[in-house]
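Enquirer: Supplied in structure tokens, the structure appears directly below.
The values are calculated or read from the model by the stated rules, or taken from the named source; none is laboratory data. What you see is a predicted model, and the numbers here were worked out from it, not measured in a lab. Because the Cβ atoms are built from the backbone with ideal geometry, glycine has one as well, and the counts that use them run over all protein chains shown. These area figures cover heavy atoms from the full protein model, side chains too; ligands, DNA and RNA do not enter into them. Shrake-Rupley method; radii C 1.70, N 1.55, O 1.52, S 1.80 Å.
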Amino acid sequence: MDKAKSMMDKKGASGPFHVNNGQSQRGFHGHVVVAANGSCCSGNNAFGSSTGPNSSSTFENMHHLHRGEDAECNGSPAKRCRLRRRTESVRRNRPPFPWFGMDIGGTLVKLVYFEPVDITAEEEQEEVENLKSIRRYLTSNVAYGKTGVRDVHLELRNLTMCGRTGNLHFIRFPTQAMPRFIQMGRDKNFSSLHTTLCATGGGAYKFENDFRTMADLELLKLDELDCLIHGLLFVDRVGFNGHPECYYFQNPSDTQSCVKKPCTLDNPFPMLLVNIGSGVSILAVYSETNYKRVTGTSLGGGTFLGLCCLLTGCETFEEALEMASKGDSTNVDKLVKDIYGGDYERFGLQGSAVASSFGHMMSKDKRDSISKEDLARATLVTITNNIGSIARMCAVNEKIERVVFVGNFLRINTVSTKLLAYAMDFWSKGQLRALFLEHEGYFGAVGALMELLKTTEDP
Amino acid sequence: MAECVRVDSSTSTHTMDKSITLPPDEIFRNLENAKRFAIDIGGSLTKLAYYSTVQHKVAKVRSFEHNTKEAASDKLYEISVQEEVTARLHFIKFENAYIETCLDFIKDHLVNTETKVIKATGGGAHKFKELIERKLGLKVDKEDEMTCLIKGCNFVLRNIPHEAFVYAKHADSEFRFQTTHPDIFPYLLVNIGSGVSIVKVESEDKFERIGGSSIGGGTFWGLGALLTKTKRFDELLQLASKGQHTSVDMLVKDIYGGSYGSLGLTGDLIASSFGKSATADKEFSKEDMAKSLLHMISNDIGQLACLYAKLHNLSRVYFGGFFIRGHPVTMHTITYSINFFTKGEVQALFLRHEGYLGAIGAFLKGAEEDNPNQYSWGENYAGSSGLMSVSPDMNPMQRARSGTFDMLEMDRLERQLVNLPLLQDPSSYIPDTVDLTEDALAREYWLYCFEEALDGVVKRAVASQPDIPEATERAEKFRQKYRHKLQTLRHQPFAYGSLTVRSLLDTREHCLNEFNFPDPYSKIKQRENDVALKYYQKAVKSLEELSWEQRQFALVRGVLAGNVFDWGAKAVSDVLESDPEFGFEEAKRQLEERPWLVDSYDQWLERLKGPPHKCALFFVDNSGVDIILGVMPFVRELLSRGTEVVLASNSGPALNDVTNGELQILTERIAAMDPVIQAGLREDRLTLVQSGSSSPCLDLSRLDKVLAMVVRERQTDLVIIEGMGRAIHTNYYAMLSCESLKMAVIKNSWLADRLGGKLFSVVFKYEVPAGKPSQDSAALTPS
């Protein structure tokens, strides 16, 4: 099968976890992006709404847009205004715009961008074109190239940070697109803005040298777990546009009456923080600065998607979840009742409990007749249950009752969130409560942004 | 989940030719006398257990009536060979494909059994229930799988030394056997069947499933089959052993470019299993995917096991189930995972007889009325196949074995065995001085040495039964069997636990017994005892003429010279064969002059100047000159000093070592000549006990319960161990909580060389445990 072609047919739905190399390259040579209206897109819609088959990489696009202006900026008036702006910012103990926080993970890059909305006329006038165009570009689009997405529904509006009011935007793109991103930074002459690029996640280390040599940019590298905790606590504090950031599931053990309920994280400590990205890290957090990494597992979001791709031929996280939502894992997994005919009473195990994940697949007949949807579902359930099981054990070992699950694995993934909520509740006999946060995977990036604001605040 | 895989017809695809013929003598031994059966049918293997009585010959000694006028017969005692019936447990493991053939065979040979029921366990028990009932005419009685597993596990841990081992892929010896802790509880058993069950075992009857996981062997198999289109579990493991997981897994360095230093996560660590298969539009090799899957599952199980071990504060974690079952690949990945997650605090332990646990447990459930747990049992090396490695690359012999039968036999020991109460730390006591599993040079030498000595042993065996014509044939069978064992051990030194000189000797004894040579040296012992007795009085008299200090030295030299008479040592047996007149005085001349190779005689002498010991426990060695002219005068001196003496000798024959039966007669005879010995016996200050062993070596953690009791009652404060087998091959480094004296003459030039000495070098090792300084003797010097 011609994969590149098939992806085109899917309306450019190359998702955040998956990039097709050939496809990306083609995409970067397209033409102008249709500016979206900025309306709230949620779930799957976000991935296909603005990028048509012929849409271009906006990174590339920006390069074209601003080439001329770059030349203008070399003139001395522009230099002067930039200098004045910086001085002013430093005087007010504020870093100069643009304000970015970046979290470069194994699969996804998460970018938060603070868009100031309280720009005075004077500022507006002094703002270099370069900076202005970044702002316009980011805020007027919801998709960037084939694979970049702005999660409009997560935008935090009218937020005050460091004395400025603005909107916080949440953008993600696959880590595979990093080279293009860095190239854009170079083409844009981003280094001339003299902003500090705060980055966390493994990619901050991996790509540090590329940023330096290709784009003349120095990264301020930050620890991903520090950022995660700072970002999480900040977003929880400011709330989600007047609503709580945090939620849980009421009646998790009953599929009929299980409902999502908002809540607050007042008195958040101690909490067990389970961050499910490509892999999983589990932290015991005792205060904003006192925490330890308890353990981690390599069976995470990357495993779910990786196995799904191999088993079903799917290509994106969205696709994998879509299939999983239609499947039935009991055709794949062996249950206790498949072995014992009912409950295994000697050990108090319910007949409906999974005895062996993929256990039915030992039989060739069953392998030959299984559907992709069932396989996707079983993969999702297996990974999710395993994370739940390890998290629960850690919570018991660390004597912590509140378990907070974050990370992009949980994005548009109610199957997993409900399953985790159920697993925590059931196996702990109601002792443990699973909590979730609306901004799932963005806390590291938010934490990085906060670090930017902090570094300049303490001279 | 714990259950073995229930097999769908499609998974057990490798059906065998049903018309196979079994080599019955080799496999279902003693079926005629079998009673009580149990069967454990797993996903691909069936394990059959039965109990039988074995008739075999034993040598008995009986004293002549010496007060009658039969002085003409200069024989001291008569030797008779009697039939004895002992109990044995048989366990046989074979592929499910053979089950029908095997059942037919059993039915045909089953004559004496009154059994009506067969205990069954395992996932396949249900499937074959009807077949078993029809073929054997026995009612199948199902037992809970986990209960059987735990019962079996307790049984092997208690009865088989070196049952548990640590697996170290890259070490000199892959298998590092553990000494069984005297208290086997509590422990964690992680059973990896199609799912995983984690069971905490606190006592014989108290265990609890504290957790588990659905990601287990079934996940590896099922998911692996989907990913690689490979049907069989073994093939999947083989694929995995050839793969590179780094092309499929996302490593820390793939994300960080290197390590994640602040968390101490190295770059090679897997950050996301299968993380790369989601991002690249490319094909992955079957091998790589299988490897990645194996790591994923092993790591996950290891992590859970560690979390549970930590929560329940347990440090002994045994792994079993079909996922493990002797597969080096999975043992390695599980070990790696446990080391990683506990930073070495918990060791992953595996069991040599892991595959038999269910069958053993089911059998024990059925045999509860016989109370098998009140006895001690010993692995019969002659009748057991030993641990096999299943990696095809590791050993070509292996391939030939798959599809054949694997056996374990355990003999019921007449006596219950316990620790010597005087061991300083029973949990760290290791009887053997050199582990030949780890020491390749020593292994090569000793295997060669035992092979060289084989002709002599065969000759001796034939000579011991001069009136039985078919003895030659049996001796030849013995030769073949033992030689085969030696060959197996050359390739798989780990087959029966740690390979040691002791295990080589014991294996030889087991093989001799197997072919009804219960005591090849009985006649030699008899003759030598006779001769030595004649010199006893003279020897005692000449000792009494010496000054106190001279006498102490002469007594020690006497024990050492006596110890030269050892048919187990080739250097000596060659001399003894060619020169029957080789005597005590010649032996004394052969001895090394002081200072000896190991020489703490001065400290011993100083000690003797102090107060007498309360009670000495003396582990004796050879018959003849050794016991009569060496040991007895020494014992006599101890008694005269006011020290009680407990003489511990073997329960059964081994080489020319004096047995308890023989020693009783000898002691009576000596008592008749020597008032000191007589008084000792009469006043109960000289006691004879049996060691519980039939080995030329000595395992102080498996001694007769009565011995342990006597030692405790008499407040024993001195342990004397004599001879190369007991004091050098074993116990050389044994730490006791009281004073100890280890005396031996090195009668093997290779060993002498290793220890820095030469042939007939002397080891005289007197030790006082730390914190118990030897007596200040100045004020107490006897006149």
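Enquirer: The stretch B:682-772: which GluC sites (Glu not before Pro) are DSSP loop and have at most 15 other beta-carbon atoms within 10 angstrom?
Expert: Sparse-neighbourhood loop GluC sites (Glu not before Pro): B:GLU683.
Enquirer: Between the helical axis of B:471-491 and the dominant principal axis of chain B, each derived from Cα atoms, what acute angle in degrees is found, rounded to the nearest 10?
Expert: Helix B:471-491 and the main axis of chain B meet at about 60 degrees.
Enquirer: Round to a whole angstrom and tell me the spacing of the C-alpha centers of the stretch B:223-300 and the stretch B:702-778.
Expert: Cα centroid to Cα centroid, the span is 54 Å.
Enquirer: Could you calculate the FRET efficiency of A:VAL259 with A:LYS399 from 1/(1 + (r/R0)^6), where r is the beta carbon distance between them and R0 is 35 Å, rounded to 0.05?
Expert: For A:VAL259 and A:LYS399, the calculated efficiency is 0.75.
Enquirer: Using alpha carbons only, how many degrees (0 to 90, rounded to 10) separate the axis of helix B:286-311 from the longest principal axis of chain B?
Expert: 60 degrees
Enquirer: Which Cα, out of B:VAL140, B:GLN690, B:GLN416, lies furthest along the positive dipole direction of chain B (beta carbon charges, K/R +1, D/E -1)?
Expert: In chain B, that residue is B:VAL140.
Enquirer: Size of the dipole of chain B about the Cα centre, Lys and Arg at +1 and Asp and Glu at -1 on the beta carbon, nothing else charged, in debye to 20?
Expert: 1060 debye
Enquirer: What is the angle, in °, between the Cα long axis of helix B:440-464 and the longest principal axis of the Cα atoms in chain B? Nearest 10 is fine, range 0 to 90.
Expert: Rounded to the nearest ten degrees, it is 60.
Enquirer: What FRET efficiency do you get for B:HIS181 and A:THR160 if R0 is 51 Å and r is their Cβ-Cβ distance, rounded to the nearest 0.05?
Expert: My answer for the efficiency is 0.20.
Enquirer: Let me ask something else about it. Please compute P(r) over all alpha-carbon pairs of the stretch B:444-513, binned at 5 Å starting from zero, and give each bin as a whole-number percent.
Expert: Percent of Cα pairs in each bin: 3, 17, 29, 23, 13, 8, 4, 1.
Enquirer: Let me ask something else about it. Can you give the mean number of other chain Cβ atoms that lie within 10 Å of the Cβ atoms in peptide A:335-345?
Expert: Neighbouring Cβ atoms belonging to other protein chains average 3 per residue here.
Enquirer: Something else about it: From the convex hull of the Cα coordinates of the stretch B:156-301, what is the mean projected area in square nanometres?
Expert: With the hull built on Cα positions only, its mean projection is 11.8 nm².
Enquirer: Determine the total buried accessible area between chain B and chain A, counting protein heavy atoms only with a 1.4 Å probe; round to the nearest 100 Å².
Expert: That pair of chains buries around 5100 Å² in total.
Enquirer: Around B:SER749, what is the net charge, scoring Lys/Arg as +1 and Asp/Glu as -1 over all other residues with Cβ under 15 Å from its Cβ?
Expert: Around B:SER749, the surrounding residues sum to -1.
Enquirer: Please report Rg over Rh for the stretch B:596-643, where both radii come from the alpha carbon positions and Rh follows the Kirkwood definition.
Expert: Numbers: Rg = 12.2 Å, Rh = 12.2 Å.
Ratio of gyration radius to Kirkwood radius for the stretch B:596-643: 1.00.
Enquirer: Let me know the charge dipole size of the stretch B:547-767 about its Cα centre in debye, to the nearest 20, where only the beta-carbon of Lys, Arg (+1) and Asp, Glu (-1) is charged.
Expert: Roughly 500 debye for the stretch B:547-767.
Enquirer: To the nearest 20 debye, what is the magnitude of the charge dipole of the protein assembly as shown about its Cα centre, counting +1 on the Cβ of each Lys and Arg and -1 on the Cβ of each Asp and Glu?
Expert: 2400 debye
Enquirer: Determine the relative contact order of the stretch B:558-688: mean sequence separation of Cα pairs under 8 Å and six or more apart, normalised by residue count, in whole percent.
Expert: Computed value for the stretch B:558-688: 26 percent relative contact order.
Enquirer: Follow-up. Mind listing P(r) for the stretch A:391-431? All alpha-carbon pairs, 5 Å bins, whole percents.
Expert: 6, 22, 31, 21, 14, 5, 0
Enquirer: With the dipole of chain B worked out from charges on the C-beta (+1 for Lys and Arg, -1 for Asp and Glu) around the Cα centre, which of B:VAL556, B:LEU629, B:PHE155 lies farthest toward the positive end?
Expert: Result: B:PHE155, furthest along the dipole toward the positive end.
Enquirer: May I ask you to compute the full-extension gain from A:LYS454 to A:ASP368, defined as 0.36 nm times their residue separation minus their alpha-carbon distance, rounded to one decimal in nm? Kindly include the intermediate steps, with their values, before the conclusion.
Expert: Working: separation 86, 0.36 × 86 = 30.96 nm, distance 5.80 nm.
Length gained between A:LYS454 and A:ASP368: 25.2 nm.
Enquirer: Can you give the three extents of the C-alpha atoms in chain B along their principal axes, from longest to shortest, in whole Å?
Expert: Sorted from largest, the Cα extents of chain B read 97, 68, 46 Å.
Enquirer: How would you rank B:324-331, A:170-177, highest first, on the average number of other Cβ atoms within 10 Å across their residues?
Expert: The most tightly packed comes first, giving A:170-177, B:324-331.
Enquirer: Then there's this: Give me the inter-chain shielding for B:208-218: mean count of other chain Cβ atoms within 10 Å, whole number please.
Expert: Per-residue shielding by partner chains comes out at 6.
Enquirer: Ok, one more. Hey, could you get me the Stokes-Einstein D for the stretch B:547-767, Kirkwood radius over alpha-carbon pairs, 20 °C and 1.002 mPa s, rounded to whole µm² s⁻¹?
Expert: On the way: Rh = 17.3 Å.
Rounded to a whole number, D works out at 124 µm²/s.
Enquirer: Now a separate question. In what order, largest first, do B:ASP574, A:ASP226, B:ASP205, A:ASP236 sit by accessible area if the probe radius is 1.4 Å?
Expert: Sorted descending by solvent-accessible area, the residues read B:ASP205, B:ASP574, A:ASP226, A:ASP236.
Enquirer: Using only atoms on other chains, find how many Cβ atoms lie within 10 Å of each Cβ of peptide B:262-274 and report the average.
Expert: 6
Enquirer: As a quick test, which of the pairs B:LYS119/B:LYS169; B:LYS485/B:LYS705; A:LYS221/A:LYS292 have an alpha carbon distance above 29 angstrom in this structure?
Expert: In this structure, B:LYS119/B:LYS169; B:LYS485/B:LYS705 lie more than 29 Å apart at Cα.
Enquirer: Where does each of B:206-214, B:188-196, A:285-293 land if you order them by average Cβ count within 10 Å, highest first?
Expert: B:188-196, B:206-214, A:285-293
Enquirer: I would also like to ask the following. Counting only protein chains, not ligands or nucleic acids, how are A:GLU319, B:GLU130 ordered by accessible area (probe 1.4 Å), most first?
Expert: B:GLU130, A:GLU319
Enquirer: Could you tell me which residue out of B:GLY723, B:LEU608, A:PRO179 lies farthest along the dipole of the protein assembly as shown toward its positive end? Charges go on the beta carbon: Lys and Arg +1, Asp and Glu -1, centred on the Cα centre.
Expert: A:PRO179
Enquirer: Between B:ASP599 and B:ARG158, what is the label-to-label distance in nm when each label sits 7 Å out along the Cα-to-Cβ direction?
Expert: About 5.0 nm, to one decimal.
Enquirer: Between A:ASP118 and A:ASP328, how high is the FRET efficiency from 1/(1 + (r/R0)^6) when r is the Cβ-Cβ distance and R₀ = 45 Å? Nearest 0.05.
Expert: Computed FRET efficiency for A:ASP118 and A:ASP328: 0.30.
Enquirer: Something else: What does DSSP give for the protein assembly as shown in terms of the percent of beta bridges that are antiparallel, rounded to the nearest 5? Before the final figure, lay out each step's value.
Expert: Details: 112 of 167 bridges.
Taking every DSSP beta bridge within the protein assembly as shown, about 65 percent pair in antiparallel fashion.
Enquirer: Further question: Ignoring ligands, DNA and RNA, how do B:PHE37, A:PHE347 rank by accessible area with a 1.4 Å probe, largest first?
Expert: Numbers: B:PHE37 5, A:PHE347 30 Å².
Sorted by accessible area, descending: A:PHE347, B:PHE37.
Enquirer: Moving on. Please report the relative contact order for chain B, taking Cα pairs under 8 Å with a sequence separation of at least 6, and give it as a percent rounded to a whole number. It would help to have the intermediate numbers written out before the result.
Expert: Details: 1532 pairs, mean separation 97.0, N = 783.
Across chain B, relative contact order equals 12 percent.
Enquirer: Something else: With a cut-off of at most 16 other beta carbons within 10 Å, and DSSP calling the residue loop, which trypsin sites (Lys or Arg not before Pro) in the stretch B:263-322 qualify? Please list them. Spell out each step's value before the answer.
Expert: Working: sites: B:LYS276, B:LYS282, B:LYS286, B:LYS291, B:LYS310, B:ARG316; in loops: B:LYS282.
Here the trypsin sites (Lys or Arg not before Pro) that fit, given the DSSP loop and packing criteria, are B:LYS282.
Enquirer: Taking amide hydrogens as modeled 1.01 Å from N in the peptide plane, which residues meet the under 5 Å criterion relative to A:GLY277, leaving out close sequence neighbours?
Expert: Hits under the 5 Å cutoff: A:GLY301.
Enquirer: Another one. Would you please report the Å³ per residue occupied by the convex hull of the alpha carbon atoms in the protein assembly as shown?
Expert: Residue-normalised Cα hull volume stands at 203 Å³.
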